[in-house]
Amino acid sequence: MISQFFVLSQRGDNIVFRDYRGEVAKGSAEIFFRKVKFWKEDEAEEAPPVFNVDGVNYIHVKVAGLFFVATSRVNMPPSLVLELLQRIARVTKDYLGVLNEDSIRKNFVLVYELLDEVIDFGYPQTTSTEVLKSYVFNEPIVVDAGRLPPLGPAAIFMQGTKRMPGTAVTKSVVATEPGGKKREEIFVDIIEKISVTFSSSGYILTSEIDGTIQMKSYLTGNPEIRLALNEDLSIGRNGSSLYDYRSSSGSGTVILDDCNFHESVHLESFDVDRTLSLIPPDGEFAVMNYRMTQEFKPPFRVTALIEEAGSSRAEVILKIRADFSPNVTANTITVQMPVPSYTMRASFELEAGATGQTTDFKEGSRRLEWNLKKIVGGAEHTLRAKLTFSQEIHGNIAKEAGPVNMNFTIPMYNASKLQVRYLQIAKKSKTYNPYRWVRYVTQANSYVARL
Amino acid sequence: MAPPVSTPKSASPSQPSGKSEVTDLKLQLRHLAGSRAPGADDAKRDLFKRVISCMTVGIDVSPAFSEMVMCSATSDVVLKKMCYLYVGNYARCNPDLALLTINFLQKDCHDQDPTIRGLALRSLCSLRVQNLVEYLVAPLAAGLKDHSSYVRTVAAIGVLKLYHISATMCHDSDFPAALKALMLSDPDAQVVANCLYSLLEIWTQDAANSDEAAREIEALYGKSIIYYLLNRIKDFSEWAQCLVLDLVSKYIPSDNNEIFDMMNLLEDRLQHANGAVVLATIKVFLHLTMSMTDVHQQVYERIKAPLLTLVGAGSPEQSYAVLCHLHLLVMRAPMLFSSDYKHFYCQFSDPSYVKKLKLEMLTAIANESNTYEIVTELCEYAGNVDVPIAQESIRAVGKIALQQYDVNAIVDRLLQFLEMEKDYVTAETLVLVKDLLRKYPQWSHDCIAVVGNISSNSIQEPKAKAALIWMLGEYSQDMMDAPYVLESLVENWEEEHSPEVRLHLLTAVMKCFFKRAPETQKALGAALAAGLADNNQDVHDRALFYYRLLQYDVAVAERVVNPPKQAVSVFADTQSSEIKDRIFDEFNSLSVVYQKPSYLFTDKEHRGPFEFSEDLSNLAIGGDSGDDVIHSAQRYEENDKDLLLSTSDKEENGGPTHNGSSTYSAPSDVNSSTSLVSSSTTQPAAFAIDDLLGLGVLDTPVLPPPPALSLNAKPVLDPGTFQKKWGQLTVSSSQESTLSIQGVASLTAPQSLIKHMQNNSIQCIASGGQPPNYKFFFFAQKEGSSSFFLVECIVNTASAKAQIKIKADDASASDAFASLFQSALSNFGSS
C-alpha cells in the first residue's frame, strides 16, 4: 500500500502532499528531491523511477515537468504504483484541461478531493474520471493554456493543423463551458513513435513502431462507438499469434507484432472485421497500444559524412531527404551529431536560400545541432560544417564522431499504414451529429544514423 | 516581521506569505465562524484554501484548529471536505480538540446524502486518535450495512483504520467477521476488494500470534474464495484485479486441469493496456506452471510479446518497471530470448539505467547464432559519448567472450578497442584482456603482441594499470621488454598512488624474476626495498613476505608466487542461485527492480506474509542506503567469491564506485597465485583462503566421519555468523522429505515444528511464511566440535513435502546429519 503521495515542482516545492497512512516521516519529499537532484553527481546519471532510502521506497513519474511521487514501506508491484501515478496525472488533466504547475496550484483543493477518492488508506480505489465526477465538487479553475507549453503527444496538433480548434485538447472534461452547453465531440489520435537505426552504409539495422490509438471523448450520455481498422490487419509474428493467421494478401498488409486494449474495448467483432466497439469512458485513454517490427518505409533518409581536411580540421556533411508525400509537412526537426572531444570550433554553411534553419555548436556536450522548422515531403536539405580541432587527428575520425540522432514530428502521417477506416457513433437522435476528429501523427523516438 | 498580508483572491492560494499568516487566518476564521450572511461560505472557502495551502507547504496551521471546527458547521460540501482534510491532518497532535469534531462528523454520518455519509465516515476513521475509537464503532457498523455501496467501500477500509488505532476494539466489535461476510456477499466489486485489502492486512498481522488468523489467511488462498474471486474478475477495477491476481498467484491448484482452466480464464488479461494487470497475470502463469517444464516454457513464449509491447507503450518509467521484469526472465532463461536480441539494443533516448539493463540482457542471450550481431552492436556503443555506457559495453563484449567457445572474432574486436586510443576504452579493454587470458591462455600471443605496444604511462586507471602489470608479470617470457617496463615502473614507485597497483607491481616483478632473473634482479631489489619502506600496510607486508620467502628458498618462492596455472573454466556467478530464486518468487514486486529479495530492503514490520528470515536480514542491510541498484546484500556471497574473481567481476558486484584498494588487499596476493584453479577445486581453495584470512571458519576439514553423529544440545550461533556462513558454504546435501500426516496437522504455525526440532538438538534461527508454505532456517553443532550444520527447510503442508538444503562446515559429516535431520522431521507430530 502507498504511504504518501505528493507532487513536487521542478524546484522541489510541495504543490500537493497527501499522507495516507502516517508511517513515513514528513520530510520524505525533501529526501526524495535531494536524492533525485544529486543522484550521481560525477556521472550525470538520471535517478531511476524507483529507489529505496532507509527502508522507504520512492516511486515517481515525471509528467509536465512535475514529479508525481508515491512512497511506500512495503514491497509493492512497481508497475502498479507507476501506472497509478500516471493515471492520477491523467485524471487531473481530464479535470483541469491543462496539466502544469500553475493549474495544479490554482486547483489544489480539487486535486485533494480527487486524491481522497482515488486512494484510501494507501489502496487504489477508482481512477475513472467518470466515477469520480459524483464525488468531486470543486469546479476547476481553468488556466490559460496559451501561455504555457502544452503537454502530451496530442499537443502537437495545435502547432500544425489549422482544422483543429486550438483549445480542444486542453479543455476540461468536466467543466461546464461558458455557453452552458458542451460541444459534442470526440478525438481519436493515432500516435506512432518510430525507432530506426541506419548503418554507416545506409542499411536499416533495426526498426520498430510503438503506436497508440488514443481517445478523448466529450460526448454526453456515453454512446457506443465503433472504430474500424484496416480489414487486412493481422496480429502476431514469431509464432506468438493471438488470433488465427489469415493469409496476408500481398505486401500491403499491416502486420502488428502485438497489441493490447483498454478495458472498455469489446473484441467480439475484432476477429471478424477488425472493428473495435466500446463505450468510451469520459476523459483521455489509450484504446489500443500496438507494436510493429514489420519493415516500413522510414520517413527520412539521413546520410552523414565526416572527412579529414588537413591535419587538425575536418568537414562534416549532413543530408536529410524527406521520403513522404509533398502534401505532408514535418515540423520541429532537430538533427544532432556528436563530434570529437577535441573539437574547438565549428563553422556552418547552410544551403543557399535556406529559411527557418538554425545551427549551433554545443561546446559543453561537443555536438553539432541543426534545427529546421519544417520539411515538406520530397525535399532534401544539406548542412556543411567545418570543424577545427585543438590537436592533430590520429586514428579513424569517424569512430570519434556520431551517431547522428534526429527528432521530428510529422502530423497527418503514420508510418505503419494502420488506418481508422471509420468512426461510428451510435445515434441518439436524427440530429445528433457530434464532431469527430481522427488525427495521425508520427514522432521520432530514436532515429539514428551511424557513421 | 512583515505585517499580515491578506492575499487578494486572485493570487495563487498555495503561495502563503509567511508565519504571521496563521495568526491572521485565525482572526478571520473567528470572525466568520457564526456568520450566516450571504457570501459567508465563499469567504470561508477562500480562507480554508489558504489554510490548506499552508498545510501543504509544511506551515503548522494547527493553532487554528478550534476556529476551523467552529467554521465547520456548514452545508457546503466543498467546505466540509476541506475541513475534513484539515482535521484529519492535525487531529493526532490535538487529541483534545479532535473531540470537538466528533459531534459534527457523527451527525454527518447520518446525512441523507450517501456521499456525505461516506465522506464523514472516512474522515472519522482517519482521525487516528486513540481515545476517540469508541465513537467509531457504531458509525462503522452502520456503514458496513449501508445501502449505498460508496459508504460500504469507505467502511470496509475504515475497519482497517480502526484496527491500526486499536486492534482490540476492532476484534471486540467482531469487524473482521463482518468484513468476511461482506466480502463473500456484496454485489459491489470495490466493496469486496476493500474487504479483502483490510482482511489481508489484519489477519497477516494477527497471524504471528494467532492460529485462528493464520487459518483465515489460509482460507483466503483456498479454492472456494479464489474461485469466487476469479469468476467475477472482470467486475473488479483494474487495480482490484491486481489484488485478486496476486492472491491467485499463491493458490496451489490440485491438478493440471485446474491450472489450464485458470490460465484459459486469465488469458485475455495479458492483453490489458494496464501493465500492472499484465504483470500480475504473468506472475500467476509463471507460478502455476513452475512444476510443468514444457508449459512453463510455453508461458515464456506467450508473455514475450505483451511484455515487449508494454516496454514500448507508456511512459519511460513504466517501461523501466516492465523491462526490469523482462530482465529477470531473460537472466533465468536466456536461450528462450536469443532470437529477440534486437529488442534489447539500446536506443538513443534510453536513460542510462535502461541501457545498463539492456546491456546485461544482450550479454546473457549471446549464443553461437547471434554473437556476431550482438558484439557488432556493442562495439558501436564503445564509441558512445556516454562514457559509463561505453565502458559497460566494452565489459559486455568481454563477458560474451568469456561465455563463448568461439572467441576468435571477439578477441580481434577487443584488440581493435585498444587501437581507438581513448583512455577509458583502453583501460576497460586491458582489464578484459587480462580476464580473457586467464580463461584462454592460448590467445596470449595475439594479445601480448598488441598489449606490448601500450605505453604504461598512458594508463591512469588503477584497475587497468594493475591488469597491464599482471600481464607483464605473467607473460614476461613473451614480452621482450617486460623487465625493463617493470623496472621503469618500479623507479616511479613514489608516484604510484594506488596501493593496488603497487601490490601488483611487486608480484609481477617476482614472477618476471623467476623467468628472466638476470634482467630483473635489479628491479626486484628495488621493488622489495621500496615495498618494505611503503606506508601501506598491505604493500609492506607483501614485500616482507616475498623477501623472507626468497631468503628461505627461491624454489619454494617460485612455487608459491608463480605456480603453473590452469585456465579458469567458469567465472563465479555474481549472485547465488538462492537469491535469484527468491527474487523470482517475488515476481512483480520491487525486489525485481532492486534485484534483491525483499527482506533486504523492507523493515521487519512491513514484510508481507510470504517473506521471512527475521533477524538475518538486519545484519545484511548494514550501511546500504539504497542508492545503489546493486546490493550490499550479496556482500557475504561476494566475500568468498571475491577471492576467485577478477577485478572486473568484482566491480560488477560492488558498483562503479567500488574500485578501492580493498580488492587487492593481502589475501588476494594468494589469489593471484591460487585463483586460477578449475571449478572442481574451488571449494577447498576457498576454505584455505578463509583460513588465511583468520576467519576460523575451518576447524578440522579432513576428519574421518564419525560413525554416529551426536549433536551439541545447546549450540550458540548468532544470526550474523549464520548468515555469513550460509553465504560462504556451498550446499552439501539437498533433499526432499515427506512429512507424516500428523506432522502436517500439527504444523498450524511455525512454532510447533521449531519446538520439536529443538528437542532433537536442532535450533531454529529464523522462520516465516504461512500456510501452506513455511520456511525455516535451522542450525546444529557437532558435539565437542566447533563445526556447524546449517539447514534451510521449506515445508509445504498442502503436499506434505519438505525441501531440505544442508550446508556444513565439515562436509564429510553432512550425510550423517542429513539422515538425523530427516528422521527428526519425519517423527514430527507422532510424539
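Please treat every number below as a calculation from the coordinates, not as lab data. Since we're looking at a predicted model, the values are computed, not measured. Cβ atoms come from the backbone with ideal geometry, glycine included; neighbour counts cover every protein chain shown.
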Give the order of B:S786, A:S234 when sorted by the count of other beta carbons within 10 angstrom, beginning with the fewest.
B:S786, A:S234
Tabulate in residue order the Karplus-calculated ³J(HN,Hα) for segment B:142-155, using 6.51 cos²θ - 1.76 cosθ + 1.60 with θ = phi - 60°, rounded to whole Hz; enter x for Gly and Pro.
5, x, 5, 9, 4, 7, 8, 5, 4, 5, 5, 4, 5, 5
What shape does chain A take by its C-alpha gyration tensor, where a ≥ b ≥ c are the square roots of the eigenvalues and a/c under 1.5 counts as rounded, a/b above b/c as prolate, and the rest as oblate?
oblate
Which of the lysines could a cross-linker bridge to A:K428, judged by Cα under 29 Å and excluding same-chain residues fewer than eight apart?
A:K93, A:K133, A:K171, A:K181, A:K182, A:K216, B:K234
Considering only the other residues whose Cβ falls under 15 Å of the Cβ of B:H497, what net charge follows from Lys and Arg at +1 and Asp and Glu at -1?
-4
In the neighborhood of B:P715, defined by Cβ-to-Cβ distances under 10 Å, what is the net charge if each Lys or Arg adds +1 and each Asp or Glu adds -1?
+1
Inside 10 Å of the C-beta atoms of A:120-131, what's the mean count of C-beta atoms belonging to other chains?
6
Relative to chain A, whose Cα atoms define the longest principal axis, helix A:28-37 and its Cα axis are tilted in degrees, nearest 10, by 20
Amide H neighbours of B:F788 under 5 Å, at least 5 residues apart or on other chains, H built in the peptide plane: list them.
B:D809, B:D810
As I understand it, the value is the acute angle between the Cα axis of helix A:108-118 and the longest principal axis of the Cα atoms of chain A; what does it come to in degrees, rounded to 10?
70
Sorted by mean Cβ packing within 10 Å, highest first, what order do the peptides B:508-515, B:543-550, A:284-291 take?
B:508-515, A:284-291, B:543-550
Mean ellipticity per residue at 222 nm, deg cm²/dmol - from DSSP H runs of n ≥ 4 across chain A, formula -39500 (n - 2.57)
-3500 deg cm²/dmol
Charge tally in the Cβ shell below 14 Å around B:V354, where Lys, Arg are +1 and Asp, Glu are -1, B:V354 excluded:
-4
Straight-line reach from B:K44: which lysines fall under 23 Å, measuring Cα to Cα and dropping same-chain residues less than 8 apart?
A:K106, B:K9, B:K19, B:K26, B:K80, B:K81, B:K107
Could you list which residues have their amide H under 5 Å from that of A:F324, counting only those 5 or more apart in sequence or on another chain, with H placed in the peptide plane?
A:G378
Per 0.36 nm of contour for each residue apart, how much would the distance between B:L717 and B:V554 grow if the chain were fully extended, relative to their Cα-Cα spacing?
54.3 nm
For peptide B:43-49, how many partner chain Cβ atoms fall within 10 Å of a residue's Cβ, on average?
1
Counting sequence-distant residues (5 or more places) and residues on other chains, those with an amide H built under 5 Å from that of B:S733 are B:I806
Give me the lysines in straight-line cross-link reach of B:K522: C-alpha distance below 17 Å, same-chain residues under 8 apart excluded.
B:K511
Quick one: grab the alpha carbon gyration tensor of segment B:289-404, order the square roots of its eigenvalues as a ≥ b ≥ c, and give me rounded if a/c is under 1.5, else prolate or oblate depending on whether a/b is larger than b/c.
oblate
Overall form of segment A:252-375 per C-alpha gyration tensor (a/c, 1.5; a/b vs b/c)
prolate
